[in-house]
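S.K.: Quick one: structure below, then a few questions.
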Amino acid sequence: MNIIAFDTSTEYCSLALWLNGNIISREELAGQRHSELLLPMLQTMLTEAGVALSQIEGIAFGAGPGSFTGLRIACGIAQGLAFARDIPVVGVSTLEALAQQADASQVLAALDARMGELYFAAYEKREIGWFPVHAPLLCRPETAPGVIGDGWTGCGSGFDLYQSVLSNVYSENLQQIIPDCYPHAREIVQLAAIKFANGEGRAAEEALPVYIRNKVALKESER
């Protein structure tokens, strides 16, 4: 199966191409230019790989959590491409993509959610894939949910920003912290390939972002 995947949930713009198990990936520090960069980067990647868009059989995107604007961009482009080609789509959790990147059996994935909060999830690797010990949630670093046992790996921008707090919360659990991890299309396409193989592809109109937080900013009275 040939799959394209992209992620715009952070300041990075990343793309990946799955060609029957072989992966080609690209990334760029985009800032706020995701919508400007994504489609030209995709065309360049396909051209360099010698693959036409008509040969793509599935589309995957980083569904969130992450930047509200970035998630809307990724979802909108995935829908547009899928509608045009009449092919299925899968959304992949950005936190699960972090766990996949960490290459460990127990992962605490945390992304900076701004306003002193984290998008957080805890995963264990099992034969069928990643099992959510704690499904993605929004929390403050000091109230991150507990886990059992040691040998856990921490990763994501949440650990970069709140390393001292999270190291204290998980002082009896953490084996290591991997710095400078962010969701990447490379892992998203790996997870998407499994979802497509399991028949989890959906029609374009069913593709939805996963925001978790309902509001972008607090009112003055709520701060």
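The values are calculated or read from the model by the stated rules, or taken from the named source; none is laboratory data. In this text, all values refer to a predicted model and were calculated from it rather than measured experimentally. A quick note on method: Cβ atoms are made from the backbone with ideal geometry, for glycine too, and the neighbour counts reach across all protein chains shown. When the accessible area is computed, the model is the full protein with side chains, heavy atoms only, and any ligands, DNA or RNA have been set aside. Shrake-Rupley method; radii C 1.70, N 1.55, O 1.52, S 1.80 Å.
S.K.: Under a 10 Å cutoff between Cα atoms, tell me which one of Glu11, Glu36, Glu57 has the largest fluctuation in the Gaussian network model of the chain.
M.R.: Glu36
S.K.: Shifting gears a bit: Within the accessible area of the chain, what % is carbon and sulfur when the probe is 1.4 Å and the other protein chains stay in place? Don't skip to the end; give the middle numbers.
M.R.: Values: 5210 of 10620 Å².
Whole-percent figure for carbon plus sulfur exposure: 49.
S.K.: Still on this structure, please answer the following. Just the Kirkwood number for the range 120-217, please: inverse of mean 1/r across all distinct Cα pairs, in Å, one decimal. Present the calculation step by step, with values, prior to reporting the outcome.
M.R.: Values: mean 1/r = 0.0641 Å⁻¹.
It works out to 15.6 Å.
S.K.: Next up: Report relative contact order for the range 69-175 in percent, whole number only (criteria: Cα-Cα under 8 Å, sequence separation at least 6). Display every interim value, and only then the final one.
M.R.: Values: 161 pairs, mean separation 24.2, N = 107.
Once divided by the residue count of the range 69-175, the mean separation gives 23 percent.
S.K.: With label points built 7 Å along Cα→Cβ from the Cα atoms of Ile128 and Ser167, find their separation and express it in nm.
M.R.: 3.8
S.K.: Tell me, in nm to one decimal, what length is gained between Glu200 and Glu11 on full extension, where the rule is 0.36 nm per residue of separation less the Cα-Cα distance?
M.R.: On the way: separation 189, 0.36 × 189 = 68.04 nm, distance 2.82 nm.
Additional length available on full extension: 65.2 nm.
S.K.: Please report the orientation-averaged projected area of the chain, defined via the convex hull of its C-alpha atoms, in nm². List each step's numbers first, then the result.
M.R.: Numbers: hull surface 49.2 nm².
Result: 12.3 nm².
S.K.: Ok, one more. How charged is the neighbourhood of Asn173? Take every other residue with its Cβ under 13 Å from the Cβ of Asn173, and add Lys/Arg as +1 and Asp/Glu as -1.
M.R.: Residues near Asn173 contribute -3 overall.
S.K.: Compute the acute angle (0 to 90°) between the alpha-carbon long axis of helix 34-49 and the principal axis of greatest extent of the alpha-carbon atoms of the chain; round to the nearest 10°.
M.R.: 60
S.K.: For the Cα atoms of the chain, what angle does the longest principal axis make with the long axis of helix 68-85, in degrees from 0 to 90, nearest 10?
M.R.: 30
S.K.: Calculate, in nm to one decimal, what Leu29 and Asp150 gain on full extension: separation in residues at 0.36 nm each, minus their alpha carbon distance. It would help to have the intermediate numbers written out before the result.
M.R.: On the way: separation 121, 0.36 × 121 = 43.56 nm, distance 3.44 nm.
Full extension from Leu29 to Asp150 adds 40.1 nm.
S.K.: Relative contact order of the range 62-109: what whole-number percent is it, with Cα pairs under 8 angstrom and at least 6 residues apart? Present the calculation step by step, with values, prior to reporting the outcome.
M.R.: Numbers: 33 pairs, mean separation 19.3, N = 48.
Relative contact order for the range 62-109 comes out at 40 percent.
S.K.: Give, in nm to one decimal, the length gained when the segment between Ser54 and Gln175 is fully stretched (0.36 nm per residue of separation minus the Cα-Cα distance). Present the calculation step by step, with values, prior to reporting the outcome.
M.R.: Working: separation 121, 0.36 × 121 = 43.56 nm, distance 4.53 nm.
Going from the current span to full extension adds 39.0 nm.
S.K.: Same structure, new question: When the chain is treated as a GNM, springs tying every alpha-carbon pair under 10 Å, which of Ser54, Ser14, Ser93 comes out with the largest mean-square fluctuation?
M.R.: Ser54
S.K.: Relative contact order of the chain, please, whole-number percent, based on alpha carbon pairs below 8 angstrom and at least 6 residues apart.
M.R.: Numbers: 487 pairs, mean separation 53.7, N = 223.
It rounds to 24 percent for the chain.
S.K.: Label point 7 Å out from Asn214 along Cα-to-Cβ: which residues of the range 125-141 have amide N under 15 Å?
M.R.: The answer is 138.
S.K.: So if I place +1 on the C-beta of Lys and Arg and -1 on the C-beta of Asp and Glu, and nothing else carries charge, what would the dipole magnitude of the chain be about its Cα centre? I want it in debye, nearest 20. Show your work: numbers first, answer last.
M.R.: Working: 15 positive and 25 negative charges, 84 e Å.
Dipole about the Cα centre, nearest 20: 400 debye.
S.K.: Keeping every protein chain present and rolling a 1.4 Å probe, give me the accessible area per residue for the chain in Å².
M.R.: Working: 10620 Å² over 223 residues.
Each residue of the chain exposes 48 Å² on average to a 1.4 Å probe.
S.K.: Please arrange Lys125, Lys195 by accessible surface area, largest first, computed with a 1.4 Å probe and ligands excluded.
M.R.: Numbers: Lys125 105, Lys195 45 Å².
Largest to smallest exposure gives the sequence Lys125, Lys195.
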